[in-house]
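The structure appears below as structure tokens.
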Amino acid sequence: MSENYQVTIIGGGPGGYLAALRAASLGLKTAVIEKEDLGGVCLNHGCIPTKVLTHGASLYRRIHSAGEFGFELQNIDFSFARLQEKKKEVVEELTGHIGELLKNSKVDVFSGTAKALTPNLVNITLKTGEEIKIETENIIIATGSEEIFPPTPGLDLPGVITSWEALALEELPETMVVIGGGVIALEMASIFSGLGSKVTIVHRSERLLRRMDLEMVRRLSAYLRKSGLQIMMNTPVKMIEETEGGLKLTASGRKGEEVIEAEKVLLSVGRKATFGDLDLDALGVKYDDGGIEVNSKMETTVPGIYAVGDVTAPGYFLAHVAYHQGLVAAENIAGIDTHFDGSVVPACLFTDPELACVGLSEEEVKEKGFENLQIGKFPFSACGKAVTQNEVEGAVKIIAAGEEQKVIGVHILGPHASDLIQEGALAVARGAFAAELAELIHPHPTLSESVWEAAMVINKSPLHFGRR
């Protein structure tokens, strides 16, 4: 059996299925090959399921503070199993929706593994065991990423899990150690801590979230500790051992050897590009440990072969980056001259409170030597809407530079930071001035007024809070 396609996409995650939908909309005969479930890690084991649990943890915390608003709630029951059922329902609904979109767009979906024999010939081993070959004019590699496993003794023990297994737990563990200090580590720690587990983060480095603004990370760390989460920095893990009650983790701390016991140990030290069953060397595609080399059109070093998402270098490991790269690849295949610009990419951390950023951090700005640097900050404790809903932790921080005070960085720690950051992304991407943000009318009462007020601080005219 042999079929001919104009575009064959290996991987049905965010970058893959978006590329397929865009290619089909441009009239290209398109195929997607996915070895597991449509939606990839993001939809099945990452972004979406974690947000269901994050929302559940948020509700749990707010229910217990409902007394401030006049509610008298007693004997509140919580079912972790029911929350997991809700997560499963959401994932199934969204994966089903993607399947319908691809079907309605007349994209052929193959369930199995793919191996590109040449830039124009792909062998597919279906889940049934049958093998077929398809001919194609172009290939888009969207094989994603996988967990990094450091050489730590004991990582193969029962009870040592990754975020995948954590999201599938049937019972809430009483105690958990999270190894790592990145986005996934903090989100998972925040979820389980918020649901009632006693959680300890153990991180080998001296700081968390190395790509985010240090001041905002420190403020977040303080809030997380206040909520009951224990954080141990500069504490590399030496080994993990089994005990009668679970697991024992031995680490090198500031005061010497540290021993922590827990029911579960969650490993989350980072992710790396994975190439699936593809032999990139045989294809002639250039790559290194950081991923596949691509240009701004998402072209690899081999004509007709493109790559998008986590598999590309440098690794953003963000679903929204994969989305845009998938669109760019599909449009270039269709003859539309489109380029991916990764200079302005918002990043979001879904802890409680949330942390979101775009542009340069204060440390990066100072390292680059920008002149006439101005920083405007406005706390949510002075925002009317935040006070009304009892979500006053955090602040908006705007960084501007130059004679005209161009906005070059926006950092938001607080309620709905992931939604508010898009105004900052637009400001940074379009080179807006702080004065322009300050002149823009923001609706009242809203959380977005905090962005306006932070811009007002840069203009030396704070209204509802003193200049800081």
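The values are calculated or read from the model by the stated rules, or taken from the named source; none is laboratory data. As the structure is a computational prediction, the values presented were derived from the model and not from experiment. Because the Cβ atoms are built from the backbone with ideal geometry, glycine has one as well, and the counts that use them run over all protein chains shown.
Annotations
- Some residue of region 227-237 being surrounded by fewer than 19 Cβ atoms within 10 Å (Cβ to Cβ) and at positive phi: yes
- Condition check for Leu463 on (1) without any contact (Cβ under 8 Å) to a residue 24 or more places away in the chain; (2) in the same structural domain as Cys357 (by TED's automatic domain parsing); (3) not basic (Lys, Arg): one failure, at (2).
- Those residues of region 118-130 which are assigned to a strand (DSSP E or B) and either surrounded by 18 or more Cβ atoms within 10 Å (Cβ to Cβ) or among the small types (Gly, Ala, Ser) (or both), in sequence order: Val122, Ile124
- One residue stands out among those in region 161-189 that are among the polar types (S, T, N, Q) and under 18 Å from Val91 (Cβ atoms): the one that is surrounded by the most Cβ atoms within 10 Å (Cβ to Cβ), which is Ser163.
- Qualifying positions in region 1-44 - surrounded by 21 or more Cβ atoms within 10 Å (Cβ to Cβ) and among the charged types (D, E, K, R): Arg22, Glu34
- Among the residues examined, Gly424 qualifies as part of a helix (DSSP H, G or I), crowded, with 22+ Cβ neighbours inside 10 Å and at negative phi.
- Remark: pairs (first residue in region 282-295, of a type in the set (Asp, Glu); second residue not in a helix (DSSP H, G or I); Cβ separation under 7 Å; 6+ apart in sequence or on different chains) = Asp288/Ala313; Glu293/Lys286; Glu293/Tyr287; Glu293/Thr300; Glu293/Thr301; Glu293/Ala313.
- Test: residue in region 419-426 that is in contact (Cβ under 8 Å) with a residue 24 or more places away in the chain, in contact with a helix residue (DSSP H, G or I) (Cβ under 6 Å, 6 or more places away or on another chain) and charged (D, E, K, R): yes
- Filter result for Ala282 (buried (at least 19 other Cβ atoms within 10 Å of the Cβ) and under 24 Å from Gly11 (Cβ atoms)): no
- Counting only strands (runs of 3 or more DSSP E) wholly contained in region 222-323, the ones carrying 2 or more residues that are modelled with pLDDT under 95 occupy 246-253, 256-262.
- Here region 212-221 is the region considered, the condition is being assigned to a helix (DSSP H, G or I) and in contact (Cβ under 8 Å) with a residue 60 or more places away in the chain, and the residue that is surrounded by the fewest Cβ atoms within 10 Å (Cβ to Cβ) is Leu214.
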